[in-house]
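Here the structure is laid out as structure tokens; the discussion comes afterwards.
The values are calculated or read from the model by the stated rules, or taken from the named source; none is laboratory data. Please read all numbers here as calculations on a predicted model, not as lab measurements. Cβ placement follows ideal geometry from the backbone for every residue including glycine, while neighbour counts extend to all protein chains displayed. Just so you know, the surface numbers come from the protein's heavy atoms only, side chains and all, with ligands and any DNA or RNA stripped out. Shrake-Rupley method; radii C 1.70, N 1.55, O 1.52, S 1.80 Å.
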Amino acid sequence: MRATEPSEKTVRYAAAFFDNEMDLMAIAAEARLRGFEIQDVFTPYPVHGMDRAVGLGRSRLGWIAFVAGVLGLISAIILQVWTSAYDWPLNVGGKPFNSFPLFVPVMFELTVLFSGLISIGVLFMLNRLWIFSKKEIFERVTDDRFVLVLKQADASFDNEKADRLFRKYNAIKVVEGDRFV
Amino acid sequence: MAKNVIINGLERNVLVGMLAAGVIGGIATLMSSDRFWFSFLQNSLFFLTIALGAVLFVAFKAVSNAGWSTVLRRVPEAMMGYVPVGAVGLLMVFFGRSTLYEWARGPLVAHGPEVDLSFKNAWLSTPFFFTRMVIYLALWCGLIYLIKRASFQQDVDGNVEHTRKRKIYSSIFLVVFGITFSLASFDWIMSLEPMFYSTIFGFYMIAGTLTSSAAAITILVILLKKRGFLPEVGDKHMHMLGQIVMGFATFWAYIWISQYLLIYYANLPEETIYYYRRTSTNGWMTVFIVNLFLNWVIPFVMLLPRQVKMNSTWMLTACGIALVGHWLDLYAMIFPAFFGSPMIGVADVALTLGFIGLFLFVFVRNLNVEKLIPRNDPYLEESLGREGLHLAYSQKAAPGAFNEV
């Protein structure tokens, strides 16, 4: 659920902690209405509808998975037809060299494999979670805390207004910082 | 029974008319044509499997503690009401047994000297066959009664205990159904060609059942929504239903290729004869290919994008195609062994119409508008979500009245 642009790697932020997803979802929607810019939200588990509350557009990952799947399907067909009918034809149980039904399981497997692996890889890349990348995370955010991070980009950020909003949705605590990576 | 305003008088007359057309056409063709019993078996199985799939739908959700579908649960529960009716209908096959089943005309005779048919002849004897049929159908009807009773009693007293009971009955149903439906498919369909056998056949039928009933539930939910019922069913639920139809269609294709591939690999004459009959003439080959497209290729491609699952026209089309696919699937299982080429006769049209009328009539009778939402189900809140819950409250008098009868 990263909404950052590559150029905005560091930004001043105010992070509010909540103890349930409903508060987080509601405050995310209201904060956007009131003109705050949401940097990111963090939840211990996927929350349905959160993408809409935060105002994210449609994920492109579906298309990537689709294209990867088609790629896997085509590679499976080429691989099998080429190896078993052209490059090294073997007589297996008297079947024709190019027997389509026998290719179906591998076609299925490679479609799923390509689609799965490439989507996972692209997902990590888009989220900038490389192998050796280091991320600091908020306290207890993988356990039972739900965090909303607001951008404090410039002086237009109204601290009092933000405070009132946080209190309205029962924020447990608010942390401010000047480097959100 | 509370008054039913789901369909108006005209539509009710149309349903009764379809039913009458089915009965008249059925009686007319019973006298004149061989097709009657085959078509009767096909159509009664088609609607029986759709109704049984609705039970599976409810049972899966109960066993897996799934909350999302609670708001639309009364639709599959109303479809379950067809099972006893369809069971009685299927028992009528008793009168057509000698037309349908080779083994009912006398003991099967082995074509080779080394084949021992004594067990097959004992298993496929008329009294044992119909005793089994009655036992299977009675088991299903009994468990369905228990599942439904728990659900409706919760509406009255709001006791959470009913959810646990429903879960237990559903678990029992799933185990019982898995075994008995497999055996029933062997009996009712596979024994039409008594020398052919395929151990995955029952599973293949279950896959078709799951797909078609999910498609039927989706269609009925959309139609009810179009009439202003179930306004609480939102995009989220339609998305889930679309995923289920698409997933089970793919599961069907998986089982289809599993059956085809093993028979193709092994190349044993007593197994390949099944596919030989279905692919050796142009007519049946067409049915064979079209069947694959209707059941998997078209629904799969149509339902692949996310947005279309929330588009009611698109969903109606895809689910309608899947339903026609299941009908054709049963057609391709039952008819090729007895008819040289595929054709649709008067019997097929009349019986299909009649069964559609009967199914919808029973469905509408079972759907109680006053209790269209399981009000006291503990999963209701999860199913409705924030906006949906608000909608449900505003429709009723006040939040406090929600727990009353």
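The residues of segment B:259-277 that are more than 9 Å from chain A (Cβ to nearest Cβ) and among the hydroxyl-bearing types (Ser, Thr, Tyr), listed by number, are B:272, B:274, B:275, B:276.
Residues in segment A:1-32 that are in contact with a helix residue (DSSP H, G or I) (Cβ under 9 Å, 6 or more places away or on another chain), modelled with pLDDT under 85 and either not in a loop (DSSP other than H, G, I, E, B) or not hydrophobic (A, V, I, L, M, F, W, C) (or both): 1 in all. For segment B:289-324, enumerate the residues that are of a type outside the set (A, V, I, L, M), open to solvent by 30 Å² or more (accessible area, probe 1.4 Å) and either more than 13 Å from every other protein chain (Cβ to nearest Cβ) or in a helix (DSSP H, G or I) (or both). Residues satisfying the conditions are B:293, B:296, B:300, B:307, B:311, B:312, B:313, B:314, B:317. For segment A:33-61: of the residues being touching a Lys or Arg at 6+ places or on another chain (Cβ under 8 Å), away from chain B (no Cβ under 13 Å) and in a loop (DSSP other than H, G, I, E, B), which is farthest from residue A:125 (Cα to Cα)? The qualifying residue farthest from residue A:125 (Cα to Cα) is A:34. Test residue A:51 against the criterion of being open to solvent by 40 Å² or more (accessible area, probe 1.4 Å), under 30 Å from residue A:177 (Cα atoms) and among the charged types (D, E, K, R), and give yes or no. So residue A:51 passes the test. Taking the criterion of being among the basic types (Lys, Arg) and surrounded by fewer than 18 Cβ atoms within 10 Å (Cβ to Cβ), the residues of segment B:363-386 that qualify are B:365, B:371, B:386.
Table: residues versus (1) in contact (Cβ under 8 Å) with a residue 12 or more places away in the chain; (2) closer than 30 Å to residue B:250 by Cα; (3) polar (S, T, N, Q).
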{"site": "A:15", "(1), (2), (3)": "yes, no, no"}
{"site": "A:20", "(1), (2), (3)": "yes, no, yes"}
{"site": "A:32", "(1), (2), (3)": "yes, no, no"}
{"site": "A:36", "(1), (2), (3)": "yes, no, no"}
{"site": "A:47", "(1), (2), (3)": "yes, yes, no"}
{"site": "A:57", "(1), (2), (3)": "no, yes, no"}
{"site": "A:69", "(1), (2), (3)": "yes, yes, no"}
{"site": "A:98", "(1), (2), (3)": "yes, yes, yes"}
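Hey, could you check segment B:130-150 for residues that are of a type outside the set (A, V, I, L, M) and modelled with pLDDT under 95 and say which is surrounded by the fewest Cβ atoms within 10 Å (Cβ to Cβ)? Residue satisfying both the conditions and the ranking: B:149. Restricting attention to segment B:87-116, the residues that are among the aliphatic types (A, V, I, L, M) and open to solvent by less than 20 Å² (accessible area, probe 1.4 Å) total 5.
Does segment B:248-260 contain any residue that is outside any helix (DSSP H, G or I) and hydrophobic (A, V, I, L, M, F, W, C)?
For segment B:248-260, residues outside any helix (DSSP H, G or I) and hydrophobic (A, V, I, L, M, F, W, C): absent.
Of the helices (runs of 4 or more DSSP H) that lie entirely inside segment B:1-99, those containing 2 or more residues that are without any contact (Cβ under 8 Å) to a residue 40 or more places away in the chain span B:9-32. If you go through segment B:151-194 one residue at a time, how many are open to solvent by less than 20 Å² (accessible area, probe 1.4 Å) and basic (Lys, Arg)? The qualifying residues number 1. Consider segment B:221-258 and keep the residues that are within 13 Å of chain A (Cβ to nearest Cβ) and farther than 30 Å from residue A:101 by Cα. The one that is surrounded by the fewest Cβ atoms within 10 Å (Cβ to Cβ) is B:235. Checking each residue in segment A:117-141 for being over 20 Å from residue A:53 (Cα atoms), within 16 Å of the chain's Cα centre (by Cα) and surrounded by 11 or more Cβ atoms within 10 Å (Cβ to Cβ) picks out A:117, A:118, A:119, A:120, A:121, A:122, A:123, A:124, A:126, A:128, A:129. Scanning segment B:11-32 for residues that are hydroxyl-bearing (Ser, Thr, Tyr) and surrounded by 14 or more Cβ atoms within 10 Å (Cβ to Cβ) yields a single hit, B:29. Please verify whether residue A:41 is in contact with an Asp or Glu (Cβ under 9 Å, 6 or more places away or on another chain) and open to solvent by less than 60 Å² (accessible area, probe 1.4 Å), treating the condition exactly as stated. No.
Selection of first residues in segment B:274-288 that are within 19 Å of residue B:261 (Cα to Cα) and without any contact (Cβ under 8 Å) to a residue 24 or more places away in the chain and of second residues that are open to solvent by less than 50 Å² (accessible area, probe 1.4 Å) and of a type in the set (Val, Ile, Thr), restricted to Cβ pairs under 8 Å at least 6 apart or on distinct chains, gives the following pairs, ordered by first then second residue: B:275/B:263; B:285/B:279. Give the residue, chosen from A:134, A:95, that is part of a loop (DSSP other than H, G, I, E, B) and more than 14 Å from every other protein chain (Cβ to nearest Cβ). The unique qualifying residue is A:134.
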